[in-house]
1. Whole-Å semi-axes of region A:347-462's equivalent ellipsoid, largest first, each the root of 5 times a Cα gyration tensor eigenvalue?
2. From the phi of every residue in region A:200-211, what ³J(HN,Hα) in whole Hz does the Karplus formula 6.51 cos²θ - 1.76 cosθ + 1.60 yield, where θ is phi - 60° and glycine or proline is x?
3. Please identify every one of the GluC sites (Glu not before Pro) in region B:363-417 that sits in a loop by DSSP and has no more than 11 other beta carbons within 10 Å of its own beta carbon.
4. Gain in length, B:LYS103 to B:LYS171, computed as 0.36 nm per residue apart minus the alpha-carbon separation, to one decimal in nm?
5. At a 4.7 angstrom Cβ threshold, list every cysteine in the protein assembly as shown that has nobody to pair with, or say none.
6. Could you give P(r) for region B:405-460, binned at 10 Å from zero, as whole percent values over all Cα-Cα pairs?
7. Would you tally the net charge around A:ASN428, using a Cβ to Cβ cut-off of less than 10 Å, leaving A:ASN428 out, and scoring K and R as +1, D and E as -1?
8. Give me the extension gain from B:ARG53 to B:ALA457: residue separation times 0.36 nm, minus the current Cα-Cα distance, reported in nm with one decimal.
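What follows draws every value from the coordinates through simple rules; no lab data is involved. Everything quoted here is computed from the prediction, not taken from an experiment. Note: ideal-geometry Cβ built from the backbone for every residue, glycine included; neighbour counts use all protein chains shown.
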Number of protein chains: 2
Amino acid sequence: MPAADAAIAYAHENKDRFLEDLKSLIRIPSISTLSERKGDIRRAAGWIAEQLRSYGFHDVEIAPTAKHPVVLGEHTGAGPSAPTLLFYGHYDVQPVDPIDLWKSDPFEPELRGDNLYARGASDMKAQLVAHMKAIESLVRTNGLAVNIRCLIEGEEEIGSPSLEAFVLQNKSRLQADLCLNGDSSILGPEEPSINFALRGLAYFELRLTGPATDLHSGSFGGAIANPATILCQLIAKMRDLEGRVQLPGFYDHVRKLSPAERKELAALPMSDTWWREQAGSPALPTEGDTTALERAWCLPTFDVNGLLSGFTGEGSKTVLPSKAMAKFSTRLVPDQTVDQVRKGLEAFLKANIPPTVTWELIEHASARPAIVERDSKAVRAASRALEAVWSRPPVFVRSGGSVAVVGMIQELVGVDTLMLGYGLQDDNLHAPNEKQYLPNFYRGIEATIRFFDEYAALSRPT
Amino acid sequence: MPAADAAIAYAHENKDRFLEDLKSLIRIPSISTLSERKGDIRRAAGWIAEQLRSYGFHDVEIAPTAKHPVVLGEHTGAGPSAPTLLFYGHYDVQPVDPIDLWKSDPFEPELRGDNLYARGASDMKAQLVAHMKAIESLVRTNGLAVNIRCLIEGEEEIGSPSLEAFVLQNKSRLQADLCLNGDSSILGPEEPSINFALRGLAYFELRLTGPATDLHSGSFGGAIANPATILCQLIAKMRDLEGRVQLPGFYDHVRKLSPAERKELAALPMSDTWWREQAGSPALPTEGDTTALERAWCLPTFDVNGLLSGFTGEGSKTVLPSKAMAKFSTRLVPDQTVDQVRKGLEAFLKANIPPTVTWELIEHASARPAIVERDSKAVRAASRALEAVWSRPPVFVRSGGSVAVVGMIQELVGVDTLMLGYGLQDDNLHAPNEKQYLPNFYRGIEATIRFFDEYAALSRPT
């Protein structure tokens, strides 16, 4: 396979520059949830557009949306008979708090051992740049055997609120045979894997207001209802002590795992002990006879993501708070829908919130759960590419996380997504000290080069 | 009663200066819970010491404690046959957050209508200065008929952590016939009242830690226990939906209200509607057949004072938090003890906290509940003084709040406390836009002048 070999040689020669390019993108603090980072969001989009232009992409555009821009662009050098890939990525990152737990500046990438530490290093700037550098390596040598259309957004970490409208408006520019999405990880540094299923997400914020202002808890305590206490009572009632979500209808459409699927999962090297150690958790919860892996990948769940009420500073303040807020989210599995969860939650809140408080429910983000075919051309091409680089066949895994765009592109553009990223399970995604294991950044470039060629080869008429 | 009349005339003449003096003290942001306010705490203590010296107090001292200093001083001009009052007060104030809800600078007193708005205006700088100005008015005219010993602390708003040791070490300097404590309020602007009972307080902070760091809720949600969810479950279990506290033994020593007491309470002009309107609450909770007034004054209760976990900023962050914190407190009534509540809480936590989290319990503040005799000289003198100023007899009320020093002084020095302050129920204590109704600051000075003389008169051998 001469095309891939020449490109791989080019990638090896340009290793140091590729790392510098990755660091340049990481240094831009493109936090999508903070309005004060709008300028950095634009800088990150501009950085990507400039790279794409330098690879010979045409119609490169930083297209505005209601919130953060999408980078578009096309490479059609493979010709009309070659397949077209929709290259999806996101250039935005999560916030960095709690900042005091970071060992180095989250936006000044620091190499410690084989790991590059920075916010966005793994999620997903290294994956995005690995795909881009695979493209660069091919166009600078024997050329790309596939056509590519880009869809690189800046809102993934806030649930892609503008993407649905954007995709609908730009459907014609997004038609492709397959969507390639690097927003994922492999099982271990030496264990290549392919994600074939993702959980969905329904993320809410509940705000309760009791008394008109904060009150003295001595003067008013007992006489007046406390919204913080009520908030805790509501949260406690949404999820039982065994972890079962108590929202009406929540489990109605959950696909049960077959005994064969449970056996396949049990064979993976992620025991309950592994999960406990990864998390640094004192002990694991129990939910019937489920394993931690089943709960993380194949079962829906409910998590509180944030709590805020009253006095949270040093010492004590005897306040009966006026307001109490919880952010919480459910992860969904096929065939649950966000709409069902929202309806169940609304019914629950209407039935359970006492008249002593007023309330507001905000829906922040949502994603459909997704599953892709395991015997498709895409999965076969990816398998071959990973096996060639890691010298072992990949294992098939699922992901507990959600990638809203996967379900969205399937529904709106009719295109399946292959997840092909090179992060690791312990990369501290969304947490302090996020990192990318650098050897897999380089291997990822090579694997993506090989994937493009394998996919083109499998697509040729036989 | 010529002594009182001359002093009252003096107080009238010096009204404007008295207000300016009150404002000077209010401008010192003496927030005891914030370590960065240590200098302001000292300035407030110094301001009081200087005033006392100017009234002819001797042995005035800003006495250090483990945390914030106590102002001591004596006025013995009434001679050995006259009674001695222990003049208790506190010069510290609560924090000001949420600062954005204040309509004016909390430490620049602003007069709007008849009210002076500022942090500490009612709790308790106006009450402290009213007592001091009563003393000034008497010493500058016909003299004080009682001897006075001062005990003015700077830690009341954080539960007086150093006071117990200080009182024990200085018992001989604190001997008195009665303690006078202005840290209280009356029923309404035209409704004088005397507090004869206070609730106690046991204030805790519970910190849970689950995973070692914040985790991605997609990667780990379901597999790993969520400390924020567990915190809500624990809080919810500590207090049922009816408001009954579920800690073991919590109600064992609660004095039941007699039908006569309930009738007396029902006759007071504080209906459930009044409570709801005071609080600006959409509706009142129910707890059996109790009234809001009974729940606020005579029943123990449980309130969440603060909640913090995970991501609390704008938008969404899909985090499974490492830590979750709640501040909560119980108000106690006779004959509950803080020790009992602590033991019940510890037993509850040991029995209910799952092994999936580690935990730490901090005790921030505590106060014994207290009741004083209604037919004592102190209460009779106060009744006469209030009736003379307001032209109507006071009603007898209780307070839902806690004044730790009352129980402490009873226990350690053997002296009963008369609460004699002139704040109002709607003064926004511990909340934004705290205020003092100024006409009652002036009436308070007059009432205190009369009280000193009435108490001296009732103490003379007949």
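1. On the way: eigenvalues 298, 85, 24 Å².
The answer is 39, 21, 11 Å, longest axis first.
2. So the Karplus estimates, Gly and Pro as x, are x, 9, 9, 10, 10, 10, 10, 10, 10, 10, x, x Hz.
3. Numbers: sites: B:GLU363, B:GLU373, B:GLU387, B:GLU411; in loops: B:GLU373.
Answer by residue number: B:GLU373.
4. Working: separation 68, 0.36 × 68 = 24.48 nm, distance 4.34 nm.
Residue separation times 0.36 nm, minus the Cα-Cα distance, leaves 20.1 nm.
5. That list is A:CYS150, A:CYS179, A:CYS298, B:CYS150, B:CYS179, B:CYS298.
6. Each 10 Å bin holds this share of Cα pairs: 20, 31, 37, 12, 1.
7. Numbers: positive: A:ARG119, A:LYS435; negative: A:ASP123, A:ASP426, A:ASP427, A:GLU434, B:ASP214.
Charge balance near A:ASN428 sits at -3.
8. On the way: separation 404, 0.36 × 404 = 145.44 nm, distance 2.62 nm.
Value of the extension gain: 142.8 nm.
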